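A.B. asks: I have a structure here, written as structure tokens, and I will follow up with some questions on it.
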Amino acid sequence: MAIKFKIVTPERVVYENEVDSVTLPTQTGEITVLPNHIPLVAALKAGELTARKNKEEFPMAVSGGLIEINKNEVIVLADTAEHAYEINEQWAEEARSRALKLIQEKHKEEVDYTALTATIEKELARLKVARRHKSKLPFQNQ
Amino acid sequence: MALAIRKIKRQIRSVKNTQKITKAMELVSAAKMRRAVSAVKLSRSYADLAWQAVLNLSQKTDPELHLLLTKPKEIKKVGVLVVGSNRGLCGVFNQQLLKKAVAFAASEKEVSSDVAIDFITLGRKAALSLVKAGFNIAADFPKTEIISAVGEIMPLSRMLLDDFLDKKYDKIVLIYTDFISSLRQQPTIKQLLPLVPQSKKSQENGTAEYIFEPDADSILRNFLPRLLEMQIYQAVLESNASEHSSRMLAMRNASDSAGGLLADLTLGFNKARQAGITQEIAEISVSKAAME
């Protein structure tokens with residue numbers, strides 16, 4: 001029994017395959033979806049999403065979005081999503097420090113605080129995923 | 001005779017100039033088309049899945065939970081968004097769209113005669129032709145040539161959703177040109193609100209209700225408007241890709257027929273020139289014969 005898993009962003013289809021299980025970060029905590037899960041709609045949080053197939057793992061960094069689980073079908077409508085091997089650690093670090101700096105400066109003028117926090121959260125998630133999976137490359141062509 | 005030659009020469013020059021212009025426009029639209037087509041293809045699967053998710057949600061959740069899920073009992077006022085182009089010279093693109101809009105208005109009137117239809121337009125040409133056809137235009141939004149983020153059409157989508165929430169409109173419909181391939185574009189009508197679930201899918205999935213995490217209210221409040229905005233955005237992208245490809249095709253046809261016209265004119269020009277020469281020779285030999 002496999003789950004039809006699909007993760008898309010407005011820019012592209014990030015991953016689409018039949019998998020054995022999916023671990024997703026939601027706003028109420030991390031959940032792992034196995035076959036025959038009940039229908040569920042949940043809000044995706046910035047963090048690490050992992051799809052597993054035949055003991056092989058496909059880690060991805062995601063920011064917010066919507067998760068829809070139907071009978072053996074998991075669809076993630078993410079705002080952004082990247083495979084771990086796609087993330088350049090240095091860029092992620094730079095982006096995070098830029099966002100942090102903006103937030104420190106912000107106290108003077110009212111900028112979009114929630115958007116900034118979201119950016120930081122997203123970059124942190126990317127960084128975490130990139131660091132954890134730095135050594136192992138999931139695809140041979142890397 | 002010399003007069004005819006000069007006239008043909010002038011015509012050739014003007015056709016050549018026109019051909020240069022159409023050729024340049026073709027190249028420009030080809031570049032724009034590539035951009036627009038790649039944008040539309042990338043976001044299509046997201047938009048389709050988002051639409052599917054919205055329809056599933058509308059089917060399996062209590063309509064009381066969110067205003068966007070409610071179904072008005074009676075449809076009195078319809079808001080129609082028509083996505084056209086700013087400029088002409090793109091073949092039948094705008095005409096087909098207008099035809100579709102007029103047909104839609106007529107079919108709505110048939111269902112109930114006291115229904116009022118308001119058009120909201122994006123793109124100057126769409127607005128102009130609808131005004132000319134005598135329809136009521138509620139708002140006309142300026143269209144930028146390249147749209148690269150959902151945020152850019154935010155004022156438009158906000159207005160449509162807010163008008164539905166305020167019960168100003170009981171039904172919201174999108175009319176746009178669906179991009180099938182660079183040779184085929186299809187004017188399409190899509191009902192955005194109220195949500196009409198597809199009946200086929202419902203039987204497959206059963207009627208089990210969704211569980212919401214953290215809760216239905218916050219999920220619906222956060223995501224429903226965004227997923228609907230995505231649909232409007234996708235319609236605009238589809239329209240853009242269609243416009244540029246149909247303009248490119250129209251310009252290529254124009255360049256080709258300019259080429260044909262040039263060949264005909266050149267033939268006529270050569271014939272006239274040759275006739276002139278032949279006549280001159282004849283005149284000279286006649287006068288020489290007369291002097292002998």
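A.B. asks: Using a 1.4 angstrom probe, figure out how much accessible area the protein assembly as shown has per residue, in square angstrom, rounded to the nearest whole. Write out the running numbers ahead of the final one.
C.D. replies: On the way: 23130 Å² over 434 residues.
Computed with neighbouring chains in place, this is 53 Å² per residue.
A.B. asks: Now, a different point. With only alpha-carbon atoms in the gyration tensor, what are the semi-axes of the equivalent ellipsoid for the stretch A:3-84, in Å, largest first? Walk me through the numbers on the way to the answer.
C.D. replies: On the way: eigenvalues 53, 42, 28 Å².
With the √(5λ) rule applied to the stretch A:3-84, the semi-axes are 16, 15, 12 Å.
A.B. asks: Report, in deg cm²/dmol and to the nearest 500, the calculated mean residue ellipticity at 222 nm for the protein assembly as shown, where each DSSP H run with n ≥ 4 adds -39500 (n - 2.57) and the sum is divided by the residue count. Could you put the intermediate results ahead of the total?
C.D. replies: Numbers: 8 runs with 220 residues, N = 434.
Mean residue ellipticity, 222 nm, calculated: -18000 deg cm²/dmol.
A.B. asks: Return the carbon/sulfur percentage of the accessible area of chain B, one whole number, probe 1.4 Å, all protein chains in place.
C.D. replies: Using a 1.4 Å probe with all protein chains present, chain B comes out at 58 percent carbon and sulfur.
A.B. asks: Give me the summed buried accessible area for the A-B pair, 1.4 Å probe, to the nearest 100 Å². Present the calculation step by step, with values, prior to reporting the outcome.
C.D. replies: Numbers: alone 8600 and 16540 Å², together 23130 Å².
Approximately 2000 Å², summed over both chains.
A.B. asks: Here's something else I'd like to know. For chain A, the longest stretch holding no trypsin sites (Lys or Arg not before Pro) located in a DSSP loop with at most 14 other Cβ atoms within 10 Å is which? Don't jump to the answer; show the numbers that get you there.
C.D. replies: Working: sites that count: A:ARG12, A:LYS55, A:LYS108, A:LYS134, A:LYS136.
Result for the longest clean stretch: A:56-107.
A.B. asks: Enumerate the residues in the stretch A:40-68 having an amide nitrogen under 14 Å from the point lying 7 Å beyond the Cα of A:ARG12 toward its Cβ.
C.D. replies: Those under the cut-off are A:61.
A.B. asks: Run through the stretch B:27-129 and list the GluC sites (Glu not before Pro) located in a DSSP loop whose Cβ has at most 12 other Cβ atoms within 10 Å. It would help to have the intermediate numbers written out before the result.
C.D. replies: On the way: sites: B:GLU64, B:GLU74, B:GLU108, B:GLU110; in loops: B:GLU74.
The qualifying sites are B:GLU74.
A.B. asks: Now for a separate question. Of the cross-linked pairs B:LYS41/B:LYS168; B:LYS71/B:LYS109; B:LYS125/B:LYS171; A:LYS6/A:LYS55; B:LYS109/B:LYS171, which ones have a Cα-Cα span greater than 22 Å in the structure shown?
C.D. replies: Details: B:LYS41/B:LYS168 34 Å; B:LYS71/B:LYS109 20 Å; B:LYS125/B:LYS171 24 Å; A:LYS6/A:LYS55 18 Å; B:LYS109/B:LYS171 14 Å.
Over 22 Å Cα-Cα: B:LYS41/B:LYS168; B:LYS125/B:LYS171.
A.B. asks: A follow-up question, please. Take the Cβ-Cβ distance between B:LYS20 and B:ASN270 as r, set R0 to 30 Å, and report the resulting FRET efficiency rounded to the nearest 0.05. Walk me through the intermediate numbers first.
C.D. replies: Values: r = 22 Å, r/R0 = 0.74.
Calculated transfer efficiency: 0.85.
A.B. asks: While we're on this one: Give the carbon-plus-sulfur fraction of the accessible surface of the stretch A:87-132 in %, rounded to a whole number; probe 1.4 Å, heavy atoms of protein chains only. It would help to have the intermediate numbers written out before the result.
C.D. replies: Details: 1720 of 3260 Å².
Taking all protein chains in place, the stretch A:87-132 shows 53 percent carbon and sulfur surface.
A.B. asks: For the stretch B:23-250, give the share of DSSP beta bridges that are antiparallel, in percent and rounded to the nearest 5; count only bridges with both residues there. Numbers along the way, then the final one.
C.D. replies: Working: 9 of 25 bridges.
Counting DSSP beta bridges with both partners in the stretch B:23-250, the antiparallel share is about 35 percent.
A.B. asks: Moving on to the next point. To the nearest µm²/s, what D does Stokes-Einstein give for the protein assembly as shown at 37 °C and 0.692 mPa s, using the Kirkwood radius over alpha carbon pairs as Rh? Spell out each step's value before the answer.
C.D. replies: On the way: Rh = 25.8 Å.
Translational diffusion coefficient: 127 µm²/s.
A.B. asks: Here's something else I'd like to know. Give the lysines reachable from B:LYS7 as a straight Cα distance under 27 Å; neighbours fewer than 8 places away on the same chain don't count.
C.D. replies: Excluding near neighbours in sequence, the set is B:LYS16, B:LYS20, B:LYS23, B:LYS271.
A.B. asks: Which of the helices in chain B meet the span-like rule: DSSP H, Cα axial reach of 18 Å or more, Kyte-Doolittle mean at least -0.5? List each step's numbers first, then the result.
C.D. replies: Details: long enough: B:2-60 (82 Å, -0.19); B:93-111 (28 Å, -0.06); B:216-291 (111 Å, 0.01).
Sorted by number, the helices that extend far enough and score high enough are B:2-60, B:93-111, B:216-291.
A.B. asks: State to the nearest 20 debye the size of the charge dipole of the stretch A:3-84 about its Cα centre, where the only charges are +1 on K and R beta carbons and -1 on D and E beta carbons. Walk me through the numbers on the way to the answer.
C.D. replies: Details: 8 positive and 12 negative charges, 36 e Å.
Dipole magnitude for the stretch A:3-84 comes out near 180 debye.
A.B. asks: Enter the Cα centre distance for the pair the stretch A:33-94 and the stretch B:242-270, rounded to the nearest angstrom.
C.D. replies: 52 Å
A.B. asks: Moving to a separate point now. What percent do you get for the relative contact order of chain B when only Cα pairs under 8 Å and 6+ apart count? Provide the component values of the computation, followed by the final result.
C.D. replies: On the way: 380 pairs, mean separation 96.6, N = 292.
Relative contact order comes out at 33 percent.
A.B. asks: Further question on the same structure: If you put +1 on each Lys and Arg Cβ and -1 on each Asp and Glu Cβ, how big is the dipole of the stretch A:87-132 around its Cα centre, in Debye rounded to 20? Mind dumping the intermediate values first?
C.D. replies: Details: 10 positive and 9 negative charges, 54 e Å.
Computed about the Cα centre, the dipole is about 260 debye.
A.B. asks: Where does helix A:113-132 land angle-wise versus the long Cα axis of chain A, in degrees 0 to 90, nearest 10?
C.D. replies: Its long axis makes an angle of about 60 degrees.
The values are calculated or read from the model by the stated rules, or taken from the named source; none is laboratory data. Keep in mind it's a predicted model, so treat the numbers as computed, not measured. Counting neighbours? That spans all protein chains shown, and the Cβs are built from the backbone with ideal geometry, glycine included. The accessibility values were calculated without ligands, DNA or RNA, using every heavy atom of the protein model including side chains. Shrake-Rupley method; radii C 1.70, N 1.55, O 1.52, S 1.80 Å.
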